[in-house]
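To start, the structure itself, in structure tokens.
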Amino acid sequence: MIDFLKKIFLFIPISILLISCGQDVVKYNDALVNANERLLDAYDLYDSLSTEYIGDPAGKDKCENALANLMKIAKNEIAEAQKLEKVDEDAFKNHFIRFAEAMINHENDFKKLIYYNSIQSDVMTDEDRSMEEELYSKVFDNLDSLSGAFVDFQAEFAKKHKIELQDSKNK
């Protein structure tokens, strides 16, 4: 009987440790996914306002405010991600940080796009359109590739740590 109890008491701490490690990995995943969602929500607001006010100089201030909010959120989310306790090689976290930093690095490009979007169509020149299209491609090709890679890094992280992923929007 004593040998049986020793086995049980030895098993319980190991089980708690495994459950605890699993929860930490899930918390890490969820923290990065939630940070990414907050960043994308701020971007979506900026993008929807930019689209809504194409050719309307009156919307320029709203777009600039949405951009300022996006930059603030990107910086905050980077700071929060950097506080996360390291899990394995941190490739997932490091990729999220690269994505958020890319948003920040494109701030001046976003400002130029706001400028081009605010030009009324009857005043916009072919050169303006060409510059806008070139800038748009540069920014969004970069951000799209990083955003897509985020999903890949998360899937790899989940597979490595045996986490079953669920769509957080459908919970």
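Okay, here's what the table says:
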{"read-out": "Cβ-Cβ under 8 Å pairs, at least 6 apart or on other chains, the stretch 33-47 side under 21 Å from Phe153 (Cα atoms), far side of a type in the set (S, T, N, Q)", "value": "Val33/Gln154; Val33/Ser168; Asn34/Ser168; Glu37/Ser168; Leu40/Ser147"}
{"read-out": "One residue from Asp3, Asp56 being at pLDDT below 95, closer than 30 Å to Leu113 by Cα and among the charged types (D, E, K, R)", "value": "Asp56"}
{"read-out": "Which listed residue, of Lys111, Lys93, is basic (Lys, Arg), out of contact with any strand residue (DSSP E or B) (no Cβ under 9 Å at 6 or more places or on another chain) and surrounded by fewer than 19 Cβ atoms within 10 Å (Cβ to Cβ)", "value": "Lys111"}
{"read-out": "Verdict on Ser145 being over 24 Å from the mean Cα position of the chain (by Cα) and without any contact (Cβ under 8 Å) to a residue 24 or more places away in the chain", "value": "no"}
{"read-out": "Meets criteria (of a type in the set (A, V, I, L, M, F, W, C), part of a loop (DSSP other than H, G, I, E, B) and more than 21 Å from the chain's Cα centre (by Cα)) for Ile114", "value": "no"}
{"read-out": "Residue match in the stretch 49-59 (condition: in a helix (DSSP H, G or I), among the polar types (S, T, N, Q) and within 14 Å of the chain's Cα centre (by Cα))", "value": "no"}
{"read-out": "Selection within the stretch 95-111 - more than 11 Å from the chain's Cα centre (by Cα) and without any contact (Cβ under 8 Å) to a residue 40 or more places away in the chain", "value": "Ile104, Asn105, His106, Asn108, Asp109"}
{"read-out": "Residue match in the stretch 121-129 (condition: of a type outside the set (Asp, Glu), closer than 25 Å to Tyr46 by Cβ, touching a helix residue (DSSP H, G or I) at 6+ places or on another chain (Cβ under 6 Å) and touching a residue at least 12 places away in the same chain (Cβ under 8 Å))", "value": "no"}
{"read-out": "Single unsatisfied condition, Ala58 versus (1) surrounded by 17 or more Cβ atoms within 10 Å (Cβ to Cβ); (2) over 21 Å from Tyr28 (Cβ atoms)", "value": "(1)"}
{"read-out": "Subset of the stretch 125-171 (residues that are β-branched (Val, Ile, Thr) and either part of a helix (DSSP H, G or I) or closer than 19 Å to Ala100 by Cα (or both))", "value": "Val139, Val151"}
{"read-out": "In the stretch 129-171, the residues that are more than 22 Å from Thr51 (Cα to Cα), of a type in the set (Asp, Glu) and surrounded by 10 or more Cβ atoms within 10 Å (Cβ to Cβ)", "value": "Asp152, Glu156"}
{"read-out": "Whichever residue in the stretch 75-111 is outside any helix (DSSP H, G or I) and of a type outside the set (D, E, K, R) and, among such residues, is nearest to Ala42 (Cα to Cα)", "value": "His106"}
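The values are calculated or read from the model by the stated rules, or taken from the named source; none is laboratory data. This is a predicted model, so every value here is computed, not measured. A quick note on method: Cβ atoms are made from the backbone with ideal geometry, for glycine too, and the neighbour counts reach across all protein chains shown.
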